[in-house]
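What follows is a single structure, written as C-alpha cells, with notes after it.
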Amino acid sequence: GARGADGEPVAAARRVTVEYEPDAREDLFQLGRMIVPQNDFVVRGPLHLDAGGVLCGPVSRYACRLACERAPPHRCRLAAAGFNNERDVFLSESAPKWQLAPGERAADASDDASPENEPGDAQWDALTTFGVRVWKPEVGAWREVSVHGGVHEPRARADVAGRRYPDEDATLTNGTIVDLAGIQLLFESAASMRAHARAARAGDRRELSDGPAASSPIPAGDAAPARIVARFNARRPQCPVQLHTIRLEYDDEKRRALAHDRRPYIFPACGHVHAFAPELQRLPCPLCRTRGPFVELRLEWGRAP
C-alpha cells in the first residue's frame, strides 16, 4: 500500500517511476532467487512447486542490490529489490511504499542534489514484500533496508514501514549479516579475509613442523584428509534446498553413522551438492534444473604422482 508524506494511505492508484542512471564510480551486483543474467549471486532458499509447476520461494526473484565503489575504500552499499530483464525495479502491490516528507532526502540521493531540485516522483521509497534486513556489529540490532538504501526499524505490520534512522546507512562493514527471507549471508571485508588466510597458513605450518610426520610432504596416515575435512566442516556447509547442515566424512564408519539427510549428495551433471532427499532422485537439480543422476559424494585420498 502507498502512503503520502503525511503517512495516510493514498486513495487513488498511482504509478510512480524513478529513473536510475549508471554511475561510472561504482559496480552494481544483484542477488536473487532466479538463475538469470541479471542476478550475479543466486540465493535460492526453500523452494516449492506452485499450482502451475513453477518453483517458488520466499526469497525475491530480484532480492537486493550491492553498489560497490571502484576506488578505495571500496565501500559496498546495500539496497532492497533489483532490476529485472527489462531493467526495471518492479514492486508488488502489497509492498509498502511512501512519499518522503518535504525536505527529506532519499538515502541514495547524490551529494550535489537537493530535494527542491529533484522531480517529485523521486521523493518516494519502498520496501520489498518479504523485506531485506541487516545486522551490523556496530549497531547491534536488526534493521530493514529500503529500495533507496534507507535504514528503518523492522516493520511491525506488513504494509507499513518502520521508522527511519537517518543517521545510519546501509554500508556493509565486516561481520554484517544480510537476511533475505530467513537466508542469512555474512559479509567479510577483504582485510578480514586476508587476516584469516594468514592465520590458516600459519596454523598449517605449525602442524607440519610440530606433527609426527614433519619430515613428510604429506602427513602420515589419515592426518591430512582428516584435517582437510575438519576445516571444510568448520564452515558448516548447508544444503541450499533443505537448509540444514551437511557433513563430509572421510572415514567410512563415521560416514555410515551420519543421518541419511546429513550426507552430501551430488548431481554430477552440474556439480551442485545437496543433502539427500528421496524425491531428488526423480527430479532435476533444484538449483539449475539440469537432469541427471543423484549420487552420494564420497572423498578419496591418494598421493600425487
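The values are calculated or read from the model by the stated rules, or taken from the named source; none is laboratory data. What you are looking at is a predicted structure, and each value in this text was computed from that prediction instead of being measured. Cβ atoms come from the backbone with ideal geometry, glycine included; neighbour counts cover every protein chain shown. The protein model used for the area step is the full one, side chains on, heavy atoms only, and it has no ligands, DNA or RNA in it. Shrake-Rupley method; radii C 1.70, N 1.55, O 1.52, S 1.80 Å.
On inspection, residue 202 does not qualify as at pLDDT 80 or above, part of a helix (DSSP H, G or I) and within 30 Å of residue 74 (Cα to Cα). The single condition among (1) open to solvent by 70 Å² or more (accessible area, probe 1.4 Å); (2) assigned to a loop (DSSP other than H, G, I, E, B); (3) modelled with pLDDT under 85 that residue 287 does not meet is (1). Among the residues of segment 135-143, are any among the basic types (Lys, Arg), surrounded by 14 or more Cβ atoms within 10 Å (Cβ to Cβ) and over 14 Å from residue 80 (Cβ atoms)? Yes, the conditions are met somewhere in segment 135-143. The number of residues in segment 247-271 that are in a helix (DSSP H, G or I), modelled with pLDDT under 85, farther than 23 Å from residue 47 by Cα and open to solvent by 40 Å² or more (accessible area, probe 1.4 Å) comes to 4. Residues in segment 233-246 that are modelled with pLDDT of 80 or more and of a type in the set (A, V, I, L, M, F, W, C): 234, 239, 246.
Tell me yes or no: at least one residue of segment 272-282 is under 22 Å from residue 47 (Cβ atoms), of a type in the set (A, V, I, L, M, F, W, C), assigned to a loop (DSSP other than H, G, I, E, B) and open to solvent by 60 Å² or more (accessible area, probe 1.4 Å). The answer is no; no qualifying residue exists.
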